[in-house]
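These notes are about the structure you will find just below.
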Amino acid sequence: MDRTARIRALNDAFRQTFSGGKVMLTQGVDALPGDAKAALLAKVRTFDGFDAGNDPHGEHDFVSVEHGGTKYFGKIDYYASDMAHGSEDPADPAQTVRVLTIMRADEY
C-alpha cells in the first residue's frame, strides 16, 4: 500500500469509528441539542463524498456536510505523539495522533 493510501485508510477508520485519535467539537457543535449532535456526528462518520474538489491529496482528511440547514466541516490534522508539533509521518500511527475537529462552517 502506498503512503497516501495508508493515510487515507487510517483517516477513514478514525473518522468512521472515532477511535484511534481525538475528536474535538467547537462551541457551535457542542451547543447543539443531543439528538442533533448525534445526527451530525453520524453524517461525519458516514461521509463518502470525496472528490478532487474537497480531497485534492486523496487523504480523506476533510468532510463537508449539511445538517439542519447549516454547513459543517470536519478536518483531520496530524500531530506528533507529544502533541507539540506536526507528525513527521502521518502514515505511521505509532508516531501520529489524529485530531478530528468538527465545526460549523462559519467557525472555520
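The values are calculated or read from the model by the stated rules, or taken from the named source; none is laboratory data. Keep in mind that what you see is a predicted model, and the values were worked out from it rather than measured. Methodologically, a virtual Cβ is constructed for each residue, glycine included, from the backbone with ideal geometry; neighbour enumeration extends over all protein chains shown. Calculation scope for accessible area: heavy atoms of the full protein, side chains included, ligands and nucleic acids excluded. Shrake-Rupley method; radii C 1.70, N 1.55, O 1.52, S 1.80 Å.
The table that follows gives values for the structure above.
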read-out	value
Angle between the chain longest axis and helix 34-46 axis [Cα atoms, degrees, rounded to 10]	40
Pairs of lysine residues in the chain - Cα separation under 14 Å, sequence separation of 8 or more or cross-chain	4
Point-to-point label distance, residue 95-residue 64, nm (Cα→Cβ direction, 7 Å offset)	3.3
Bridge type composition, the chain - antiparallel percent by DSSP, nearest 5	75
Per residue accessible area in Å² of the chain, where ligands, DNA and RNA are left out and the probe is 1.4 Å	55
Of the GluC sites (Glu not before Pro) in segment 27-108, those whose Cβ has at most 13 other Cβ within 10 Å and which sit in DSSP loop	88
Percent carbon-and-sulfur accessible area, segment 1-85, ignoring ligands, DNA and RNA, probe 1.4 Å	51
Sequence-separation-based contact order of segment 11-84, relative, with Cα cut under 8 Å and 6+ spacing, percent	25
Solvent-accessible area of residue 78 with every protein chain in place, 1.4 Å probe, in Å² to the nearest 10	40
Distant-in-sequence amide H partners of residue 22 (H built 1.01 Å from N, under 5 Å)	98, 99, 100
